[in-house]
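Visitor: I'd like to ask you about the structure that follows.
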Amino acid sequence: GLPESIIAAACARSGQRVLHVDSRNYYGGNWASFSFSGLLAWIKENQEKTDVSEECEEWRKLILENEEAISLSKKDKTIQHVEDFCFGDQDAAEDVEEAGALSKLPGFGASAAEGLAQASEKGGPPVESASSEVESQEPEKAADSEPASATEGNDTEVTSENESTPDAALGTTALEPGKAETAPADTSAKEPKRIMYSQIVREGRRFNIDLVSKLMFSRGLLIDLLIKSNVSRYAEFQNATRILAFREGRVERVPCSRADVFNSKQLTMVEKRMLMKFLTFCLEYEQHPDEYQDYESSTFAQFLSTRKLTASLQHFILHSIAMVSETECSTLDGLQATKKFLQCLGRYGNTPFLFPMYGQGEIPQCFCRLCAVFGGIYCLRHSVQCLVVDKESGRCKAIVDHFGQRISANYFIVEDSYLSESTCTNVCYRQISRAVLITDQSVLNTDSEQQISILSVPPVDPGKPAVCVIELCSSSMTCMKDTYLVHLTCPSTKTAREDLEPVVQKLFHLNTEKETENEEPGKPRVLWAVYFNMRDSSGVEKDAYSGLPSNVYVCSGPDSALGNDCAVKQAEAIFREMFPAEDFCPPPPNPEDVIYEENETAPEESEVSISPETEPKSSTEESHSGGSIAVKKEDDEK
């Protein structure tokens, strides 16, 4: 997962010895991205939910008299209520195989995992051997959907300066607001190309489908960490191109930057002045407490109603700019959310958000690569039976893996899903409702088909959460050409299907007999869909877990927020508690600063030799067993 990967990278970078293991056969945990066939295998695994038979516990013989064992869970219970639907001719795809045999491994389609063991100290882009194999077999298809280099296509180089790569695919330059694309008045589009289910299966490697749907604020904690640690060189990013709103049964584009406001044809001149005046106030609201202090106990929606704003402007600000709850968000929280949105505008483009090409699953793998470059060891399909605790000190001293090996360590980081029910008896989890759709056209058609859009759909019933919709196009390398990948997310109140299907029916056409009779022209068709609930353990404190030693730290899974701030804060807090004197993810040394011994040649791939001046005085061995990291200090042999 993302927090564990960040911690592993930070520990390896500070000179610790890291072992990072996972019982799964893919990187990322619940933050992973899958090809289409990989996702089908994941769905089948979670639908079957077979009970793991209790194996012969030979490992208990390794526990000494002055030790006790804390057993870890043998089964992942974080995913529930998985339902998938195909709205095409599924039988016709029975004999169709996905292009490229290697892609049948879950998570293999992502670029960073393939190149993890081949990471060099120069920090080159991820190696895509499997992808190149398919490209050599199908050069025409590959040329249509993948850029030939990092500068061809809609990608953004993440740097600390306020600049971005021109967006050739979108026809916009990020920092030239005057050129920002505006939606034409006539949104009617040509008839979309008919996509068969067999085509989706055949082109399955073109899909990188995220289990968790998030965007990165351009001035958020994750972007700052990617820049500081130089991990951003391992990935490519695209700017989200538009913010949408759902109002009165229609999808509209929301003007949020100064250029968008003045180029908008939706707003009157009076509304443009109202909106700009209010947004300017939000940027400096701390300096004008007299304007909002009377409404501190009110909701943000009530505060907006007291300002000189029309109903449409209030809707845009509440649901598409601040993106907060109409009934629960306070005035101060709403103003803070609006200010954060506005501060992120213009850094890399006309919206505040970036999206990593090939999916969110790339980000944990990028931090895993940094860890590997500095000597971290990675083992997939490697489960851990238990934590070994010393009865006298009460500290965890080792783990026992499924081979019966004891691995001693000083610190352990465990992802929440690996803890057994006996450890989590007092823990109350929240749930996230998720849906992933493959559609044949965008929710709002414009001249450009290559759009990354974010849409917030207000709740129908008061008290229920809004639904966040993120629509990805093929230039994001997450879906095949002529299709769109749509993610829906909200905090759960019921099962995922019950929470999200009403929104799906509003925005899309399902190929059911009832809907075919009343089909609205221009409405996107859903080709395939999956619904599932995911555990949200982000708000759980360590004290809630029963009987965990002080040197065992628990990382949570994904939360329901749009950004990644929770994961970054958690990773930094755990690292600083373990190593308060160390810098958190400092920049790696430049290749020119690396000094090799006289009898050595340049290190191969992931081997990095650091000069004595920059060599840390001690090293540590960390082991993450399904989430546990072990740290063992040794004398510096150099």
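Visitor: Give the separation of the Cα centroids, region 1-45 to region 331-378, in Å.
Guide: Taking the Cα centre of each part, region 1-45 and region 331-378 sit 17 Å apart.
Visitor: Near Cys396, within a Cβ-to-Cβ distance under 11 Å, what is the net charge of the other residues, with Lys and Arg +1 and Asp and Glu -1?
Guide: Numbers: positive: Arg395, Lys397; negative: Glu67, Glu68, Asp390.
Computed value for this residue: -1.
Visitor: Just check region 300-348 against the gyration tensor rule for me: Cα atoms, a ≥ b ≥ c as the square roots of the eigenvalues, rounded for a/c under 1.5, and otherwise prolate or oblate depending on whether a/b exceeds b/c.
Guide: Working: a/c = 2.09, a/b = 1.50, b/c = 1.40.
Prolate is the answer for region 300-348, as a/c is 1.5 or above and a/b outweighs b/c.
Visitor: Please give the solvent-accessible surface of Thr327 in Å², to the nearest 10, using a probe radius of 1.4 Å with every protein chain present.
Guide: Accessible surface of Thr327 is approximately 80 Å².
Visitor: From largest accessible area down, sort Lys44, Lys308, Lys228; use a 1.4 Å probe on the protein chains.
Guide: On the way: Lys44 120, Lys308 175, Lys228 75 Å².
Output order, biggest surface exposure first: Lys308, Lys44, Lys228.
Visitor: Among Gly346, Phe300, Leu313, whose Cα sits farthest toward the positive end of the charge dipole of region 241-353 (+1 at Cβ of Lys/Arg, -1 at Cβ of Asp/Glu, about the Cα centre)?
Guide: Gly346
Visitor: Only Lys, Arg, Asp and Glu count, each charged at its Cβ (+1, +1, -1, -1), so figure out the dipole size of region 259-340 about its Cα centre, rounded to 20 debye.
Guide: On the way: 8 positive and 11 negative charges, 104 e Å.
Taking the Cα centre of region 259-340 as origin, the dipole is about 500 debye.
Visitor: Given the pairs Lys277/Lys339; Lys77/Lys506; Lys77/Lys542; Lys340/Lys506, which span a C-alpha to C-alpha distance of over 22 angstrom in this model?
Guide: Numbers: Lys277/Lys339 13 Å; Lys77/Lys506 31 Å; Lys77/Lys542 19 Å; Lys340/Lys506 30 Å.
From the list (Lys277/Lys339; Lys77/Lys506; Lys77/Lys542; Lys340/Lys506), the Cα-Cα distance tops 22 Å for Lys77/Lys506; Lys340/Lys506.
Visitor: Checking the a/c ratio against 1.5 first, then a/b against b/c, what shape does the Cα gyration tensor give for region 420-465? Show your work: numbers first, answer last.
Guide: Details: a/c = 4.40, a/b = 2.22, b/c = 1.98.
Here region 420-465 falls in the prolate category.
Visitor: Karplus couplings for region 202-210 from phi (6.51 cos²θ - 1.76 cosθ + 1.60, θ = phi - 60°), rounded to Hz, Gly and Pro as x?
Guide: 5, 9, x, 6, 6, 9, 10, 9, 7
Visitor: Hey, another quick one. Go through Lys74/Lys464; Lys74/Lys397; Lys193/Lys214 and tell me which ones have a Cα-Cα distance over 31 Å in this structure.
Guide: Working: Lys74/Lys464 35 Å; Lys74/Lys397 21 Å; Lys193/Lys214 28 Å.
Cα-Cα > 31 Å for Lys74/Lys464; rest within.
Visitor: Net charge around Leu304, counting only other residues with Cβ within less than 15 Å of its Cβ (Lys, Arg = +1; Asp, Glu = -1)?
Guide: Working: positive: Arg247, Lys277, Arg307, Lys308, Lys339; negative: Glu271, Glu291, Asp294, Glu296, Glu326, Glu328, Asp333.
Neighbour charge sum, excluding Leu304 itself: -2.
The values are calculated or read from the model by the stated rules, or taken from the named source; none is laboratory data. Treat the numbers as computed from the prediction; the structure is a model and nothing was measured. Using ideal geometry, Cβ is built from the backbone for each residue, glycine included, and neighbour counts are taken over all protein chains shown. Note: accessible area is taken over every heavy atom of the protein model, side chains too, but ligands, DNA and RNA are not part of it. Shrake-Rupley method; radii C 1.70, N 1.55, O 1.52, S 1.80 Å.
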